[in-house]
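First comes the structure, then the notes that go with it.
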Amino acid sequence: MCGIVGYIGKNNTKQILLDGLKELEYRGYDSAGIAVLQNGKFSSYKAIGKLVNLKEKTSDFITEGFAVGIGHTRWATHGKPTELNAHPHIGESSYVVHNGIIENYAKLKKELMSSGVSFLSQTDTEVIVHQFEKNIKSSTNAFEAFSKTIKELDGAYAILLTTISEPDTIFFAKHGSPMLFGRNKDGEKYFASSDTPLMGQASEVNYFEDGDYGYVNESEIFIFDKNKNKKDAIYKKISQNKLSAQKDGYRFFMEKEIYEQSSVISDTLMGRLNDEEIVFDELDENFFEGINEIKLCACGTSYHSALSASYLFERYAKIRTSVEIASEFRYREPMMQKDTLFIVISQSGETADTLETLKMAKKAGLRTLVICNVDNSSMVRLADATILTRAGIEKGVASTKAFATQVTIFWMMSLYIARIKNTLASKEIARQISLLREVPASVKVSDEMHEKLKRLSKRYLHGHGFFFIGRDIFFPLALEGALKLKEISYLHAEGYPSGEMKHGPIALADPELFTIALLPEHLHYEKSKSNVEELSARDATICAISSKEFDKADDFIAISKCKDYMLEFFEMMVVVQILSLEISIRLGNDVDMPRNLAKSVTVE
Ligand code: M6R
């Protein structure tokens with residue numbers, strides 16, 4: 001999704017903007033650009049494709065002394081990924097960058113065009129800068145024109161605008177898309193879509209609320225809320241540790257993040273387990289009082305972890321649980337009962353569809369909880385309560401450690417509710433807590449396993465599709481395995497319940513149909529095995545993952561003998577992640593930034 005950076009200060013503005021955009025690469029983009037206002041003159045550069053192209057274009061451009069700059073990585077929504085459509089967009093004497101969607105842009109564009117304004121791009125964003133320049137003609141100053149402009153926009157946005165008449169100022173507005181402001185003791189000012197570009201630059205940051213707008217100049221910041229009331233910035237310290245955001249010698253962030261799962265799960269568990277019960281300091285003692293049902297809502301990988309939760313919640317906590325895809329839920333006029341706890345799950349905390357469902361649930365008066373990886377994200381700020389997954393920064397577009405920590409939280413939460421509702425014997429809760437302590441070890445990647453998957457991957461680069469199959473909680477894992485593979489290999493893959501294959505998909509069975517079969521020894525083994533045998537009998541190519549030898553498999557990946565199906569779940573999760581990674585690498589794809597995808601989907 002688009003990324004924004006801004007800078008006011010005396011350092012090397014060009015480099016600060018390019019470095020900031022580099023930190024936002026993980027969000028996904030197809031073009032990039034910067035505009036710098038220095039000594040009363042604008043310079044702007046844009047390039048399609050990777051940032052290296054923009055770097056090349058700006059190689060002769062030097063910034064020295066005080067300057068104001070804005071930069072942007074664009075993920076196309078309106079108009080193709082071309083240089084003309086890349087941001088910043090120019091008016092007569094101003095530049096704008098924008099993340100989000102201006103829903104009424106067509107109407108504004110028509111009005112502007114009928115008054116003689118010409119447009120260079122096909123984007124919705126360009127209307128902002130022209131509307132601002134139209135308003136400036138009837139305003140006493142640039143800020144008045146900017147405020148008027150913001151009020152005329154419908155949709156979601158994070159906007160930065162600079163104009164020649166205010167050469168030390170950046171105007172900003174935030175509504176529905178993320179943006180924060182940072183500063184340091186040298187008086188430098190920064191804007192960005194997320195924390196990462198500001199680490200090592202700013203010492204403290206202010207997270208804007210929806211509806212905030214205002215301006216920052218060399219000496220001060222003015223923030224106004226949606227009701228035009230002036231408000232103070234609320235500064236928080238920002239971590240300066242960038243090391244965790246680097247690749248640490250791994251080929252890809254995704255690979256590094258798979259290997260990190262053991263340590264981040266330890267962090268997820270830290271302080272939350274004692275011998276007999278789960279402790280969530282974040283939750284009020286009475287948080288579950290009066291709750292008779294749980295509704296989970298999310299997108300993509302987070303939706304898969306929510307599906308896993310539904311098995312655990314009903315099995316252990318005996319609480320009615322339903323799971324919703326956020327983009328569907330928000331438009332289907334759903335029934336919402338006050339005794340339902342509404343849980344949203346999101347790595348980023350910014351996914352537009354999920355955020356919207358959280359707003360709906362709040363409006364309907366439901367108690368809300370977010371399971372999230374990013375503190376201070378929009379969802380965290382909105383929900384009644386938050387449980388942070390503590391996975392650390394996840395840069396690979398294909399989510400791995402976020403999923404692992406989400407499922408860990410859900411397993412803990414099912415035991416937490418089971419104790420409150422008295423649906424599991426204390427001895428069983430204690431047994432499962434001791435199993436939870438084994439998860440960090442169960443997701444450790446052995447060299448032997450990785451080597452085996454690397455070798456195996458060369459046999460799965462063609463064919464007419466993959467089916468990942470599993471039963472019970474292994475069905476969401478099958479869905480997640482298929483999503484991982486399709487995201488980064490661009491091969492067709494589906495997740496399916498093993499028992500459902502005979503109701504249609506088995507018609508596809510032939511040697512070119514690859515079935516990745518999840519066969520946990522401790523959960524419905526015999527049933528799952530017969531489903532795989534049915535496929536094997538019809539000549540499908542079977543790659544079985546199990547701790548039990550399976551002679552009908554063409555390829556067999558052995559996981560270790562585990563005490564419980566949940567430990568098998570975590571071991572198999574690592575196997576499907578690495579298999580996808582190795583297939584993608586063999587196909588020569590960009591593992592961390594797969595085509596057409598964005599890390600944080602902040603538009604619907
Ligand atoms: O940040 P979120 O967890 O809300 O993101 C939801 C999905 O966009 C995300 O999980 C997506 O499916 C990933 N690319 C999966 O690898």
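The values are calculated or read from the model by the stated rules, or taken from the named source; none is laboratory data. In this text the structure is predicted, and so the values were computed from the model without any measurement. Note: ideal-geometry Cβ built from the backbone for every residue, glycine included; neighbour counts use all protein chains shown. Note: accessible area is taken over every heavy atom of the protein model, side chains too, but ligands, DNA and RNA are not part of it. Shrake-Rupley method; radii C 1.70, N 1.55, O 1.52, S 1.80 Å.
Tabulated data for the structure shown
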item	result
DSSP beta bridges in the chain [antiparallel fraction, %, rounded to 5]	60
Virtual spin-label span in nm between SER114 and GLN15, 7 Å along Cα→Cβ	5.1
Amide H within-cut-off set for CYS299, under 5 Å, with H built and near neighbours excluded	ALA326
Distance from segment 1-78 to segment 260-331 (C-alpha centre basis), Å	40
Local electrostatic count at ASN292 - Lys and Arg +1, Asp and Glu -1, tallied over other residues with Cβ under 14 Å	+2
Surface share of carbon and sulfur [accessible, 1.4 angstrom probe, percent] for the chain	49
For the chain: relative contact order, % (alpha-carbon pairs under 8 angstrom, 6 or more apart)	12
Whole-angstrom gap from segment 548-604 to segment 194-243, using each part's C-alpha centre	39
Percent of alpha-carbon pairs separated by more than 23 Å within segment 311-425	31
Burial order of peptide ranges 581-590, 194-203, 478-487, 141-150 (average beta-carbon count within 10 Å, highest first)	478-487, 194-203, 141-150, 581-590
Karplus-derived 3J(HN,Hα), 6.51/-1.76/1.60, for each residue of segment 308-316, Hz, glycine and proline x	4, 4, 4, 5, 6, 4, 6, 5, 9
Unsatisfied cross-links (Cα-Cα over 22 Å) in the set LYS22/LYS189; LYS484/LYS599; LYS236/LYS256; LYS237/LYS363	LYS236/LYS256; LYS237/LYS363
Ratio Rg/Rh [Cα only; Rh per Kirkwood] for segment 42-88	0.99
Proximal charge balance of TYR95 [Cβ under 13 Å; K/R count +1, D/E count -1]	-2
Chain lengthening between SER322 and GLN337 when straightened (0.36 nm per residue, less Cα-Cα)	4.1 nm
GluC sites (Glu not before Pro) within segment 66-116, DSSP loop, no more than 13 other Cβ atoms inside 10 Å	GLU92, GLU103
Translational diffusion of segment 159-202, µm² s⁻¹ [Kirkwood Rh, Cα pairs; Stokes-Einstein; 10 °C; 1.306 mPa s]	137
Residues whose placed amide H lies under 5 Å from that of ALA493, excluding near-sequence neighbours	PHE466
For segment 384-389, Karplus couplings with θ = phi - 60° (6.51, -1.76, 1.60), whole Hz, Gly/Pro x	5, 9, 9, 10, 8, 7
Considering only segment 246-440, percent of DSSP beta bridges that pair antiparallel, nearest 5	5
Residue-wise HN-Hα coupling along segment 467-478, computed from phi with Karplus coefficients 6.51, -1.76, 1.60 (Hz; x: Gly, Pro)	10, 9, 10, x, 10, 6, 5, 7, 5, x, 5, 5
Helix 426-436 axis, angle to the chain major axis (alpha carbon atoms, nearest 10°)	60
Cα pair distances exceeding 41 angstrom across the chain, given as percent	29
Column: log10 I(q)/I(0), Debye, Cα scatterers of segment 445-599, q = 0.10, 0.14 Å⁻¹	-0.31, -0.62
